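One structure below.
Computed from the coordinates by the stated procedures, all read-outs in this text should not be read as laboratory data. Here the structure is a predicted model, which means the values were calculated and not measured. FYI the Cβ positions are ideal-geometry reconstructions off the backbone, even for glycines, and counts take in every protein chain you see.
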Amino acid sequence: MAKVRKQKFGPGYEFYCPACGSLHATGDHTFNGDVDAPTFAPSIMAAPGQVPRGGVCHSYISSGRIIYAGDCTNGPNGNRPIPFDVELPDLDEVERTLSESGQYTKAAEVQSA
């Protein structure tokens, strides 16, 4: 199942961030072409205003996993999310679950780090 998909508007791909509970966009990043085990470079930075709880979401996507950087502040109490390294969820499954619960949100734009 796909963990990333092409954005409808703008360059790049989008993925679901479990720590933020929203979609983030890659922008113009290098992509390995594998939607089931994606790798993007460089790191991805979602700045304040793009993260539902505020703070900064700074991560790396490698082999279908999201690795939160040390300066990431979107976890509980403004700390780095724990665990630091998690499997990216399947987008269709996430959207189905969250849309049924009314909790689905989408981040606007994401800058590359």
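Points to keep in mind about this one:
- Near pairs, Cβ below 8 angstrom, 6+ apart or cross-chain, from the stretch 26-45 (surrounded by fewer than 19 Cβ atoms within 10 Å (Cβ to Cβ)) to any residue that is part of a loop (DSSP other than H, G, I, E, B) and among the basic types (Lys, Arg): VAL35/LYS3; ASP36/LYS3; ALA37/LYS3
- Inclusion of GLY55 among residues that are in a loop (DSSP other than H, G, I, E, B), under 17 Å from LEU91 (Cα atoms), over 12 Å from the mean Cα position of the chain (by Cα) and not aliphatic (A, V, I, L, M) is not warranted.
- Filtered residues of the stretch 1-28 (kept if within 19 Å of ALA47 (Cβ to Cβ) and in a loop (DSSP other than H, G, I, E, B)): GLN7, PHE9, GLY10, PRO11, GLY12, PRO18, ALA19, CYS20, GLY21, THR26, GLY27, ASP28
- GLY70 satisfies every condition listed in (1) part of a loop (DSSP other than H, G, I, E, B); (2) surrounded by 16 or more Cβ atoms within 10 Å (Cβ to Cβ) except (2).
- Test: residue in the stretch 34-43 that is part of a strand (DSSP E or B) and within 14 Å of the chain's Cα centre (by Cα): yes
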